[in-house]
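Let me begin by presenting the structure, written as structure tokens, before commenting on it.
The values are calculated or read from the model by the stated rules, or taken from the named source; none is laboratory data. Quick caveat, the model's predicted, so the values are computed rather than measured. Counting neighbours? That spans all protein chains shown, and the Cβs are built from the backbone with ideal geometry, glycine included. Just the protein is used for accessible areas: all its heavy atoms, side chains included, with ligands, DNA and RNA removed. Shrake-Rupley method; radii C 1.70, N 1.55, O 1.52, S 1.80 Å.
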Amino acid sequence: MERSFKKEVQALKLGDGETFRGEGILAVTKALLQAGVSYVGGYQGAPVSHLLDVLVDAQDIMGELGVHLETCSNEASAAAMLGASINYPLRGAVTWKSIVGTNVAADALSNLSSPGVMGGAMIILGEDYGEGASVIQERSYAYALKSSMWLLDPRPDLPSIVRTVEKGFELSEASHAPVMLELRIRACHATGEFAAKENLKATYSGLNRLPGPPRFQYGRLAHPPVTFSQEKLKIEERLPAARAFIREHKLNETIEGDLTDIGIIVMGGLTNSVLRALERMGLADVFGASRVPMLVLNVVYPLVPEEIRQFCSGKRAVLIVEEGNPDYIEQAVNVELRRADIQTKVLGKGPLPQAGEYTSEVLLEGLAAFLQAARPNGLDADTVAEKARGLFAHKAKAAAALGPLPPRPPAFCTGCPERPVFSALKLMQRELGPAHISADIGCHSFATFAPFSMGNSILGYGMSLASAAAVGPNMSKRPIAIMGDGGFWHNGLITGVASNLFNKGDGVLIVMQNGYASATGQQYIPSSTTSRDGPTPGVDIEQTLRMMGVKWLRTVRTYGVAKMVATLKEAMKTAERGLKVIIADGECQLARQRRVRAEDTDKLARGERVTRTRYGVDDEICTGDHSCIRLSGCPSLTLKPSPDPLRSDPVATVIESCVGCGLCGEVAHAAVLCPSFYRAEIVRNPTLWDRFIFRLRQKVIGWLGGGYNKKATA
Ligand code: SF4
Ligand code: SF4
């Protein structure tokens, strides 16, 4: 059910002399194949979910090259896969979303980087930093520093990305250290072209397996006492080797400029944004030539002291464009220049903000401030700065003219199976009072927004139950933990359930069983009832919980709001101690609609009967109270002016996007609201029986004096 790249992956077969055109994420996959990897794996998460989807769709192509693909259960298992490169000349790459995924993988990464690697090992990080991010705002840089892994940050154009991937493996092997390659969302989805090369069959792979394990070497283990010598190796051998390789192969780039008394040192991934800002100020062209000299760091860790000294030498001031906090690069450049007694002034955080995304507006403002502070020879800095600020002066006027815009928080999809659970929680709390709710990562976290506004903490993916462990014993009412089935397999089963059972905990756990890792694009998980290639592994959440010793366990269809309310009340009030688990069962509506629509299209083409359910609100009965909207939050349930001239309040209405999930009707029933909801079935390619029943109904309604809409056809 993952997004399909079946068509696009054909580009992965391109060879010498051909031109690859496409998205950045696909280019990374092509670069991996050109680099001769033996294995790939990862765990989905924006902005690199599609990298895993591409790898999955490219499985046949990778099979021809003997490349093994592992869709891992979490980032820790993906990181541990890289262990294959410790002893063997096998190149491998894994991917996940950072910073959260790197946190999960941290133990394996430390234990990988300490002994170091023989085959090139690469971690492709979706650096989810900035205004569109969905996670905590921290930098992956800290992991590179503390574990002595090299951090690549390629300039976001396809030739640079591809070269950096290929050279990254060589760098890893030359210095015996794993490398991380960070891709921001714009790099993942940048489109472009590059000259393709033939894919490389690895010396050892699924097609030509290793003859056997190597001679036992204690030094390959991350275990004392060799961990002490490994720490020295990192600093005394691997770091100098990495720096030598970066210099020799010119992984970092220099852009010459005529304003030679100033310069910009920029993280590779931000290069295009800086060049665009300079171009708008009249200091660069659209092809990347700049009047301000630039040192482009496609490798942001380690820095190469000689390159820093060479670039800064003779300059009065340099600007460090380093997104995020802390300012690791700025500090390192300052130290290097002081050590070399070079008096170049270093600016960075100051003209540019300490934290937050460096958007085009932020960069324009920062560059203008830098130019005014540095005052380069041959440039009227004040005029250029004025021009830069003039570029966004209209924004304030536009904002004043428009007034404040309403916030648009993300929300559940129309018909989402998880929304009814929160409607039920609302109704349960109306009767029993508020409960502590530990939220989690996944689509269900949309319930933290209106109209539900539920959740007292979010501690990580699959962590909800564990994060309630110290709440329960200190609170009069049982806490409720909410977890998705993706989070359950990622972490929740061990961190939450096993720990709770081991400690004889109490409390309520709701597992949203929608069948996929839905928030990241409906990737399959161990308990999915379908799979991408034939039979499923047959792993079942209910059976797993029973085997682990959960006694109080109910599986409830999510759309049955009344039953869900009753089950929640029972879980909260029962005298039975121990963990109470409610499996809230309902397939992800987005995945369901994709499946059902395709099936319906085929049926219609064959002339078969197809029905579609729609709900509606009877205008004459709706009182304009709108409790239904407050209790469901469905985007298809909205307002329209009342057709009754004697009533001024708008009435509820269901719009065309309704998928007929039935929640609004269920809520009206469970909350004893009003009888204004009706259910209709739209039949296409009706049978003779459908036509007969339709005519009969017309007649009966006519006899009763109700009339009917003549436009309605069966
Ligand atoms: S993707 Fe699926 S589970 Fe997520 S909000 Fe949409 S329907 Fe619900
Ligand atoms: S039935 Fe109601 S809750 Fe479900 S999609 Fe339609 S309007 Fe929304």
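Over the chain, average the accessible area per residue using a 1.4 Å probe and give it in Å², no decimals. Here the residues of the chain average 46 Å² of exposed surface. Against the chain, whose longest principal axis is taken from its Cα atoms, helix 419-432 shows a tilt of about 70°.
Of all accessible surface on the range 418-543 at a 1.4 Å probe, what whole percent is carbon and sulfur?
57
Overall, the range 396-464 carries a charge dipole of about 280 debye about its Cα centre when +1 sits on the Cβ of Lys and Arg and -1 on the Cβ of Asp and Glu, all other atoms neutral. Please compute the net charge surrounding SER229, taking Lys and Arg as +1 and Asp and Glu as -1 over other residues with Cβ under 15 Å from its Cβ. Counting the neighbours of SER229, the net charge comes to +1.
Within the set of other residues whose C-beta is less than 13 Å from the C-beta of GLU570, count the net charge using Lys and Arg as +1 and Asp and Glu as -1.
So the surrounding residues net to +4.
Once the Cα atoms are used to define both axes, helix 100-113 deviates from the longest principal axis of the chain by about 40 degrees. Both numbers refer to the Cα atoms of the range 389-445; Rg and Dmax are 19.6, 58 Å.
In a fully extended conformation the segment linking LYS13 and GLU570 would gain 194.7 nm over its present Cα-Cα distance, using 0.36 nm per residue.
P(r) tail, the range 619-701: Cα-Cα pairs separated by more than 20 Å, 45% of all pairs. Residue pairs exceeding 29 angstrom between C-alpha atoms, taken from LYS7/LYS197; LYS603/LYS640; LYS250/LYS387; LYS146/LYS250: LYS603/LYS640; LYS250/LYS387.
In straight-distance terms, cross-link reach from LYS573 covers every one of the lysines whose alpha-carbon lies under 19 Å from its own, apart from those fewer than eight places away in the same chain; here that gives LYS426, LYS477, LYS504, LYS551, LYS563.
Do you know the relative contact order of the range 329-404, to the nearest whole percent, from alpha carbon pairs under 8 angstrom that are 6+ apart? Relative contact order, the range 329-404: 21 percent.
For the chain, the dipole from Cβ point charges (+1 on Lys and Arg, -1 on Asp and Glu) about the Cα centre works out to 1980 debye, to the nearest 20.
Under the shape rule built on the C-alpha gyration tensor, where the axes satisfy a ≥ b ≥ c, the chain is prolate, since a/c reaches at least 1.5 and a/b is greater than b/c. Apolar share of the accessible surface for the range 70-155: 51 percent from carbon plus sulfur atoms, 1.4 Å probe.
Using only side-chain charges placed at the Cβ, +1 for Lys and Arg and -1 for Asp and Glu, the dipole size of the range 265-336 relative to its Cα centre rounds to 300 debye. Its relative contact order, with pairs defined as Cα atoms under 8 Å and 6+ residues apart, puts the range 148-194 at 54 percent.
Once the Cβ-Cβ distance between ALA373 and ALA244 is put in as r, and R0 is 35 Å, what FRET efficiency do you end up with, to the nearest 0.05? It comes to 0.50.
Report summary: the helix-based calculation at 222 nm, which adds -39500 (n - 2.57) for every DSSP H run with n ≥ 4 and divides by the residues of the chain, gives -10500 deg cm²/dmol. Measuring nothing but protein heavy atoms, the accessible surface of the range 622-714 at 1.4 Å probe radius is 59 percent carbon and sulfur. Please report the net charge: other residues with Cβ closer than 14 Å to the Cβ of ASP644, K and R +1, D and E -1. That works out to -2. The order of TRP703, TRP150 by accessible area, most exposed first and with a 1.4 Å probe, is TRP703, TRP150. From the Cα gyration tensor of the range 657-702, with a ≥ b ≥ c the square roots of its eigenvalues, which class applies: rounded if a/c is under 1.5, or else prolate if a/b is larger than b/c, or else oblate? Note, shape of the range 657-702 comes out oblate.
Computed from Cα positions, the angle between helix 393-402 and the longest principal axis of the chain comes to roughly 10 degrees. Out of ALA396, GLY288, LEU14, whose Cα points farthest toward the positive end of the dipole of the chain (charges: +1 Lys, Arg; -1 Asp, Glu; placed on Cβ)? Value computed over the given set: ALA396.
For the chain, averaging the sequence separation of C-alpha pairs within contact (under 8 Å, six or more residues apart) and dividing by the residue count gives a relative contact order of 9 percent.
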